[in-house]
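Nothing in this text is a laboratory measurement; each read-out follows from the coordinates by a stated rule. These numbers were taken from a predicted model, which means no experiment stands behind them. As a convention, Cβ positions derive from the backbone with ideal geometry for all residues, glycine included, and neighbour counts pool all protein chains shown.
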Amino acid sequence: MAAANAAEALIFLHVPKSAGTTLNRLIEWEYPLFQMYSVDPVLFRWSRAHLWRLPKRRLKRFRIFKGHMRFGLHKIIPQPATYITVMREPIDRVISAFYFMRNYKLHPNYWKFRRESWTLEDFVRHPHTRDNIQCKMVAGAPYEEACTAETLAQAKENLLRHFSVVGLTERFEESLALMKLRFGWKLESYSSFNVTRARPKKRDLPQATLDLIAERNRFDIELYECAAKRFQEAIDKNAAEVSETVRQLEAARIQDPLRSKLFSIGAATRKAINRAYSAL
């Protein structure tokens, strides 16, 4: 794969519930903390607006920009930039997102969902639920507006023109391998973060519910198919290197509970420092 350009900024579009939290924590071990801007996942509206207001002299110091934000940041930063993202099978992503919101007390919708006893079907049918999130994020389209065929076309074009790596949640270690090869990451230790466990599997849900999610997120499904095709092409093109890198990543995955706990504490500390710095 083509080597990273040292002068090039890296923009990570973190699609909610797509293994992005794990990737965020790993990125934070790879770069100096004061050369990264992280959009706060709780105060994301303020944090995104703050980023867009920063003077160009400060923007130029950052090598990494990451978090829940739409495509388009490269238009305002003074240095050249490339994007990465990790996409997830859309039906599974919606299920995971709902149960995460319903169980994570810091999420803005947590108390609403609990107070009003929302079900997954309520969430999908509600007119203010943001559908086709992956398509809108990659297209740079407003979350509140309807997703259209034009939005999908723009998202596909952006993936092809502006993204160095498009990973898949379902094949996360291969996705990490592509990023490691592209950006020269070390990834000496590896652990997973923020996995939604208290949720049903797709096979346990009524088919009518799955059909409803698919209908409401049909543009995400088409974009995911496009991303999966591009992903497989990248794997095939770099098969030997990816295979060896995946083997290295499997060896680097932390198995010991104590080491995993210490790694998590270190990651949480680096995360907190970086978020505080980003807010300045």
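General observations
- Residue exposure sequence - SER117, SER278 - by fewest surrounding Cβ within 10 Å: SER117, SER278
- Computed from label points 7 Å out along Cα-Cβ, the spacing between SER189 and LYS237 is 3.4 nm.
- Gyration tensor verdict on the range 164-269 (Cα atoms; rounded if a/c is under 1.5, prolate if a/b is larger than b/c, oblate otherwise): oblate
- Relative to the longest principal axis of the Cα atoms of the chain, the long axis of helix 172-183 lies at roughly 40 degrees.
- 18 Å Cα-Cα threshold exceeded, pairs from LYS17/LYS136; LYS186/LYS229; LYS66/LYS201: LYS186/LYS229; LYS66/LYS201
- Folded to 0 to 90 degrees: helix 218-237 orientation relative to the chain principal axis, Cα: 30 degrees
- Equivalent ellipsoid semi-axes - Cα gyration tensor, the range 5-85, angstrom: 18, 15, 12
- Taking the convex hull of the alpha carbon positions in the chain and averaging its projected area over all directions gives 14.8 nm².
- On Cα atoms only, tilt of 44-53 relative to the major axis of the chain in degrees: 40 degrees
- Cα-derived Rg over Rh, computed across the range 70-185 with Rh taken as Kirkwood radius: 1.02
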